[in-house]
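Below is one structure, written out as structure tokens; comments come after it.
Any read-out appearing in this document is the output of simple, stated calculations on the displayed coordinates, not a laboratory observation. The structure displayed is predicted, hence computed values, not measured ones. Cβ sites come from the backbone with ideal geometry, for glycine too, and all protein chains shown count toward neighbours.
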């Protein structure tokens with residue numbers, strides 16, 4: 001431990017905190033938008049301006065900064081000047097204005113969605129200012145491919161403390177007192193789970209990391225693995241030490257190539273420095289980690305299905321008990337936590353359980369990472385303290401809903417979660433409050449919806465997803481979920497009766513009670529929550545044969561307002577069915593017999609002449 005801290009001190013001393021550093025986001029989203037080209041352009045521009053620069057700035061490439069809708073992102077440190085949607089063509093101006101003159105390039109600054117004010121630094125931007133970063137504290141700050149950079153930021157300090165100054169039981173006690181609950185969805189107390197596995201004594205055991213992130217629109221775990229893989233590795237080592245396991249497995253989606261690459265580099269670098277493998281830090285503890293690539297089966301997010309998949313078997317759940325803490329991977333006591341949970345462990349051991357227990361609420365400690373997506377101005381990855389109001393996340397950190405003063409609904413918990421209305425905007429976001437409201441925390445997906453979203457259609461979409469992803473092993477899930485979807489499909493066509501709604505309730509409850517695993521047990525949540533809060537929309541579909549949101553194609557008609565139409569023919573050019581006719585500069589009409597209700601006409605009209613009935 002002393003040698004590690006000495007190395008850390010030397011690495012920190014070698015860096016001048018006042019030196020200019022250009023930080024470029026190389027998370028998956030920014031890379032897809034061209035951040036690698038931006039980095040190369042920066043290198044070229046700095047080389048050309050070399051003689052004019054007194055102190056040549058460094059360039060650091062990092063993981064996801066979280067503000068995904070604004071990428072590629074470039075931050076100039078130490079002032080934290082924030083540039084958004086940077087293109088290679090902007091680089092020369094950044095170097096000339098900011099690096100050489102110390103002035104900002106105003107057109108690249110973030111503009112507040114309501115006031116329109118240009119905000120210069122990350123500290124001023126509500127998206128960042130409203131967060132409490134624990135798991136994400138190093139992401140966007142360190143180069144995830146550079147172990148030395150991670151060590152400067154404190155990597156492996158918690159592990160060193162655990163292995164050299166604490167007994168395994170003391171580690172479990174610290175995690176228990178911290179109040180850490182699993183971030184994968186169920187919210188089971190992490191310390192309790194570890195204690196159940198540890199009690200089996202000196203037998204072969206395993207720890208596993210669930211990185212099989214399958215929720216639509218979710219990218220929390222991927223970003224952590226890409227941006228700070230050492231936090232996950234460190235947490236797993238601590239967990240292995242605590243329960244007496246010598247082998248860990250990371251079960252990660254094969255669709256996450258950058259996350260896998262960074263994990264592999266982190267494992268290799270940690271082994272080379274004696275932080276992983278035999279006799280870690282001279283403590284006598286041996287531990288190593290292997291990576292398993294999943295094939296994208298959503299059901300493998302369930303712990304027993306995941307373990308069967310690691311064993312080379314069909315990934316489907318098995319009845320419990322026995323629980324994995326007694327008989328898990330290869331029939332041995334095993335502990336499985338998700339990426340975010342493992343990353344929290346390293347922070348708790350480093351800073352102490354008292355610090356972590358001071359965050360959040362009485363029963364939901366710490367913070368939670370959410371993928372905030374949908375109809376919201378600031379799309380991205382956010383980390384907030386447990387207990388924060390739903391309204392604060394969406395309307396303040398998220399910057400509100402484009403063109404509206406509030407959201408219609410927020411879906412939390414992934415496909416198995418529920419939809420919460422604007423009337424619940426003051427709801428505290430924690431494990432128990434969300435469940436009481438008919439939703440759940442899940443792994444951290446948060447989808448914002450506005451008045452253009454039909455709640456019947458939303459519920460039908462998530463049921464369709466779960467129907468496809470069901471392993472089909474148990475009757476309630478295999479037969480019940482398709483029946484729910486079929487009923488909603490009839491509703492979306494204006495068919496059905498009010499009595500069918502009562503049948504939906506009873507079928508949903510039967511599925512929840514009888515399903516083998518959480519996929520089936522939570523599958524009806526989208527239906528039950530939308531019926532609870534948006535029953536009027538269901539009745540409008542059934543009784544009035546009308547879709548209030550204008551989404552369900554069988555219940556809507558597009559018409560052109562002759563008083564608003566300018567005859568520009570943009571809608572006619574956009575229509576794939578050639579259903580729109582009319583002379584240039586004169587009002588047009590839509591042939592309903594040809595219209596397929598695709599909405600292309602409405603999207604193309606700049607004058608609001610296309611109306612939905």
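Report summary: the helix-based calculation at 222 nm, which adds -39500 (n - 2.57) for every DSSP H run with n ≥ 4 and divides by the residues of the chain, gives -11000 deg cm²/dmol. Segment 367-449 gives an Rg/Rh value of 0.91, both radii derived from C-alpha positions and Rh following Kirkwood. One Cα centroid belongs to segment 178-195, the other to segment 368-408; the line between them spans 26 Å.
Relative contact order for segment 16-126: what is it in percent, counting Cα pairs under 8 Å that are at least 6 residues apart? Once divided by the residue count of segment 16-126, the mean separation gives 29 percent.
Separation of segment 418-491 from segment 579-613 is 33 Å, based on Cα centroids.
Note on segment 1-128: Kirkwood hydrodynamic radius from all Cα pairs is 15.5 Å, rounded to one decimal. Extension gain, residue 478-residue 495: 0.36 nm per intervening residue step, less the Cα-Cα distance, totals 3.7 nm. At what distance in nm do the modelled label points of residue 11 and residue 554 sit from each other, each positioned 7 Å from its Cα along Cα→Cβ? Simple spin-label model gives 6.1 nm for this pair. Which distance in Å, rounded to a whole number, links the C-alpha centroids of segment 276-317 and segment 534-561? Segment 276-317 and segment 534-561 have Cα centres spaced 48 Å from each other. Its residue count N sets the reference 2.2 N^0.38 Å, and the alpha-carbon radius of gyration of the chain equals 1.05 times that reference.
Between residue 566 and residue 3, the simple spin-label model (points 7 angstrom out along Cα→Cβ) gives 7.4 nm. Please give the contour-minus-distance gain from residue 311 to residue 593: 0.36 nm per residue of separation, less the Cα-Cα distance, rounded to one decimal in nm. Here the answer is 95.9 nm. Restricted to Cα atoms, segment 315-364 shows a radius of gyration and a Dmax of 15.1, 39 angstrom.
Rounded to two decimals, the Cα radius of gyration of segment 473-613 over 2.2 N^0.38 Å is 1.40. For the pair residue 406 and residue 120, a Förster radius of 30 Å applied to the C-beta separation gives a FRET efficiency near 0.55, rounded to the nearest 0.05. Quick check for you: which residues of segment 72-113 have the amide N under 14 Å from the point 7 Å beyond the Cα of residue 44 toward its beta carbon? Once the point is set 7 Å along Cα→Cβ of residue 44, 87-93 turn out to lie under 14 Å by backbone N, inside segment 72-113. Normalised by the number of residues in the chain, the mean separation of alpha-carbon contacts (under 8 Å, six or more apart) gives a relative contact order of 11 percent. Take every Cα pair under 8 Å whose residues are at least 6 apart in sequence, average their separation, divide by the length of segment 291-348, and the relative contact order is 21 percent. Taking 1.567 mPa s as the viscosity and 4 °C as the temperature, the Stokes-Einstein diffusion coefficient of segment 127-233 based on its alpha-carbon Kirkwood radius rounds to 81 µm²/s. Coordinate range of the alpha-carbon atoms in segment 455-543 per principal axis, descending: 37, 20, 19 Å. Rounded to 0.05, the FRET efficiency of the residue 268 and residue 362 pair, given R0 = 35 Å and the Cβ-Cβ distance, is 0.25. Separation between the residue 105 and residue 56 pseudo-spin-labels, each 7 Å from Cα along Cα→Cβ, expressed in nm? Each label point lies 7 Å from its Cα, and together they span 2.1 nm.
Just check segment 147-357 against the gyration tensor rule for me: Cα atoms, a ≥ b ≥ c as the square roots of the eigenvalues, rounded for a/c under 1.5, and otherwise prolate or oblate depending on whether a/b exceeds b/c. Because its axes are fairly even, with a/c under 1.5, segment 147-357 counts as rounded.
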